[in-house]
Every structure is written in structure tokens, then in C-alpha cells.
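**Student:** The structure's right below; bear with me while I get my questions together.
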Amino acid sequence: MSMIEADLLPETRRALVHRLATGQVQGRAPSVVAAVVRSGRPVWMHGWGQVDGVVPDGDTQYRIGSITKTFVAVLVLRLRDEGLLDLSDPLDRHLPGTPVGEATVGALLAHTAGLAAEPPGPWWERTPGALRPELADVLGKDPQLLPAGQRHHYSNPGYALLGALVERIRGDAWDRVLQREVLAPLGMTRTTMHQVAPHARGWAVHPWADVLLPEPDVDTGRMSPAGQLWSTAADLARFAAFLLDGDPRVLNPDSVAQMRVPACPPEATAWDSGYGLGTQLLRRDGRLLAGHTGSLPGFVATVWTSADEDLGVVALGNVTSGLPIGGLAADLLQTVAVREPRIPEPWRPLPTVDPALLDLAGPWYWGPSPYVLRPQADGCLELAALAGWAEHPAAPDRRRAVGGAQRLFHR
């Protein structure tokens, strides 16, 4: 952590409590709990409402729904980093016998394999996993809806396949692999497949009366990699810190950063959202947020991170609908980012620069459009647009760099 104090100002804390409280009231949620992470540690955590007559805290468990998928993606990327698979590998190479064996591992992670959004039959979130005991039951007779690789099409069965892939390669149940390889190293002792007290109960609220209706609590079986896990605000705060900085015991920072790179083109009318490798991406208030939302009957959850701001936010609630938890979490992050913006590290000169690279530094042109080439600390060169540079490259003293269809000219 830097020399800058990480704790939040009292005015910021009050604004966060106000947003959390209004969200709980307007969303008619029995309870909500949230946390903010900065510089690798929680700097704020608060609950509103009640669970069994007590205000929830960072140790109260909630179901986290599809945030489970991000954990599964971490397991798959660990396999990739160990050289046990490649993201371009067809599924059939490691998990033979499914009707979608040509789908690549990377496409399943990014939801671009064209698979059906849901398994056949009744809603999987409301029916016991015993209804679909085998992978064939999860996929159904006609699981391929779209040509692979052309569009993002969210698929819960796709992540059931990835969980089975982890099991096949590791030779153990995916949740035991997760506990051993991810949860234990990160200190996430309150993230489990099934609820462990203290935990919230899942509720729906009557649409026309302030009356609670109990929601089913089912073991989703083969579909569990798509959304089974329970967790707490404190545990997910640790996970948010991991999604910002990585952890060499689990996944190196470069692989974690790859998770938040868009892995598929956005829809033509939705340029503000996308999907990476197991993470949802959202552009909001000029910031790129990466993380995941989640929901199962009676519960909603979100983890958002902003790498540029070094901020993470967690929000959990126990209500089926009416509480836009993703927007609530994004508002909490925005509150901290605006009121207490990240203070940059001091500028420092480059220790050494190859004279040949230094000679290339400066303005370059693609046609009349100006760019600037700058040496970087890692020895690479950065090419960026150069605003406000009006000189035209018409002089004879110039160099040319040719790459594919692009030609850059240097005065």
C-alpha cells in the first residue's frame, strides 16, 4: 500500500450509508450489506435492514449467483497457465462426449460459443440438481443456437461444462478444487457451496404489499458452476482485491488483467457493456468496471472493480427483484471515486533508455493524423494520438515505418 492513508473521510462514509439505505428502502429488500476496497483492503463495510433480527455485517452469508462464474474462470485460467490446456482448445480435447465438443474453452469463458442460455425444462434455479444429473441433461437435444464465435450469448450451461472440465482435468469436484486452489490461499473461509450460519434467507416481496414470500433453496447439481456459491461481504472484498491486483498463489496479475479485456464484440446498440473471460464489463461515468452480477431466487449480488481507480465494491441483498444491485454497487464506487479520487504515484524519470529508441521518440503521422511515440519503462514503445499538433509531415527529411496496411511517417 502507498504512503497515502486508505481510510475514507466521514463525509464519504455518510454518503455511502445514505446510498445503501435508500437502495434497501426503494428496493424493498429485507437486508443489504456492502463493502468498499481500496489499496488492497476493505475501507468501508456496512449493513442495512435485518437478518433474523440483527443488522447484517461482513460475516453474513448470501447467495452470490453468477459471481460463481468468475471463480470458475479463475480455475480454468490456472489450468491454462499451468500448460494443461489452451483457450483455443476445443472442449472435446479435454472433456469428450458432449454434443458441443467443437466449442473452444475461450469461447465458453466469454459466452461466444453460441450455446443456449438455459438448460431445457423448468428453471434450473428453482429445481433440484437431481433433475439434471448428467451433462447431457444440462445441454438438451439442441444446445447450439448460434454459430460459434459470432456473438455474445450468455449461457449458464456453458459454465456447467467449464466446471465439468475442471473436474476432468483435476480429478476432483470443482468446488473442492476451488476451495483448495483459490479460497484457502485468499483467506475466503466463508465462501461455501451451501449456507453456513449466520446467513440470510432468500425472500421475494409481494408486488402489491410489503409482505415477504419465501424462495426455494435448492442444490443446483451439475449447474452449480453457473451460480451455486454462498459468500459474505468480507470474503468478496478479498476477492475484489484479488481481481484488481492478482495473487501469485492463485493467478498472476497479467492473467487477472486478461480477464477484464473484452473477449467478444459488443452488440451494435450496447457499446457500454461487454464481457471478458468470466467477467462482465461496464462503462459507467467514464470508468471501465469489471466484475460480475449475480442472482438466484431470493438473492442478488454484485462485485465491481475499477483498475484505474484501484477500487472495488461488493453489494449483497436477499430479495428476488426490485433491487438493482449492479447499479447500487456502481453508485457506491462512483461515490468514493468522485469524493476521494486516487492520488497518483510521483512521476519518476526513466532510469535508462536505449539511444536508438530515444531517437525514434516524437511525432509520427498516419497520413495527416499526428501520433506520438514514447519509450516506456518496460522497454516497449507506446504510440498514442497527439492532440493539438498541427505541423504537416510534408518535409523530405522523414522516416517511414510500414506494418500491414499502415504507414507511419516521422519528421
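**Student:** Only one of (1) outside any strand (DSSP E or B); (2) free of Cβ contacts under 8 Å to residues at least 40 places away in the same chain fails for Ser321. Which number is that?
**Tutor:** (2)
**Student:** Filter segment 165-182 down to residues that are among the aliphatic types (A, V, I, L, M) and touching a residue at least 12 places away in the same chain (Cβ under 8 Å) and give me whichever is surrounded by the fewest Cβ atoms within 10 Å (Cβ to Cβ). First the steps, then the outcome.
**Tutor:** If we filter segment 165-182 for residues that are among the aliphatic types (A, V, I, L, M), which is where we start, we get 165-166, 169, 173, 177-178, 182.
Checking which are touching a residue at least 12 places away in the same chain (Cβ under 8 Å) leaves us with 165-166, 169, 177-178, 182.
Details: Leu165: 25, Val166: 25, Ile169: 17, Val177: 20, Leu178: 24, Val182: 22.
Ranking the qualifying residues of segment 165-182, first place goes to Ile169.
**Student:** Could you list, in sequence order, the residues of segment 223-255 that are among the β-branched types (Val, Ile, Thr) and either free of Cβ contacts under 8 Å to residues at least 40 places away in the same chain or crowded, with 22+ Cβ neighbours inside 10 Å (or both)? Walk me through how you get there before you give the answer.
**Tutor:** Applying the first criterion (among the β-branched types (Val, Ile, Thr)) to segment 223-255 yields 232, 250.
Matches in segment 223-255: Thr232 only.
**Student:** Still on this structure, I have one more. Quick one: how many residues across segment 202-226 are of a type outside the set (A, V, I, L, M) and under 16 Å from Ser321 (Cβ atoms)?
**Tutor:** In the first step, residues of segment 202-226 are kept if they are of a type outside the set (A, V, I, L, M); the result is 202-203, 206-208, 210, 214-217, 219-222, 224-225.
Now restrict to residues that are under 16 Å from Ser321 (Cβ atoms): 202-203, 206-208, 210, 214-216.
Matching residues across segment 202-226 total 9.
**Student:** For segment 265-278, give me each residue that is in contact with a Pro (Cβ under 7 Å, 6 or more places away or on another chain) and part of a loop (DSSP other than H, G, I, E, B).
**Tutor:** Gly276
**Student:** Looking at Leu277, Leu296, Leu323, can you tell me which residue is over 23 Å from Arg41 (Cβ atoms) and not assigned by TED's automatic domain parsing to the domain that holds Ala241?
**Tutor:** Working: Leu296 fails: not assigned by TED's automatic domain parsing to the domain that holds Ala241; Leu323 fails: not assigned by TED's automatic domain parsing to the domain that holds Ala241.
On inspection, the qualifying residue turns out to be Leu277.
**Student:** While we're here: Taking the options Leu289, Leu281, Leu243, name whichever one is aliphatic (A, V, I, L, M), assigned to a helix (DSSP H, G or I) and in contact with a Ser or Thr (Cβ under 7 Å, 6 or more places away or on another chain).
**Tutor:** From the options Leu289, Leu281, Leu243, the qualifying one is Leu243.
**Student:** A further question follows. Only one of these is surrounded by 18 or more Cβ atoms within 10 Å (Cβ to Cβ), under 27 Å from Pro265 (Cα atoms) and out of contact with any Cys (no Cβ under 6 Å at 6 or more places or on another chain): Gly101, Gly114. Name it.
**Tutor:** Working: Gly101 fails: surrounded by 18 or more Cβ atoms within 10 Å (Cβ to Cβ).
Answer to the check: Gly114.
**Student:** Additional query: How do the helices (runs of 4 or more DSSP H) wholly within segment 120-229 filter down when requiring 2 or more residues that are among the basic types (Lys, Arg), outside the structural domain of Asp52 (by TED's automatic domain parsing) and at pLDDT 95 or above: which remain? Reasoning before the result, please.
**Tutor:** Details: elements: 135-139, 156-170, 174-178.
Hits in segment 120-229: 156-170.
**Student:** Looking at segment 19-36, which of its residues are of a type in the set (A, V, I, L, M, F, W, C) and in contact (Cβ under 8 Å) with a residue 40 or more places away in the chain? Write out each step before concluding.
**Tutor:** First, the residues of segment 19-36 that are of a type in the set (A, V, I, L, M, F, W, C): 20-21, 25, 29, 32-36.
Passing the criteria: Leu20, Ala29, Val32, Val33, Ala34, Ala35, Val36.
The values are calculated or read from the model by the stated rules, or taken from the named source; none is laboratory data. Predicted model only: the values in this text are computed from it and were never measured. All Cβ positions, glycine included, derive from the backbone under ideal geometry; neighbour counts span all protein chains shown.
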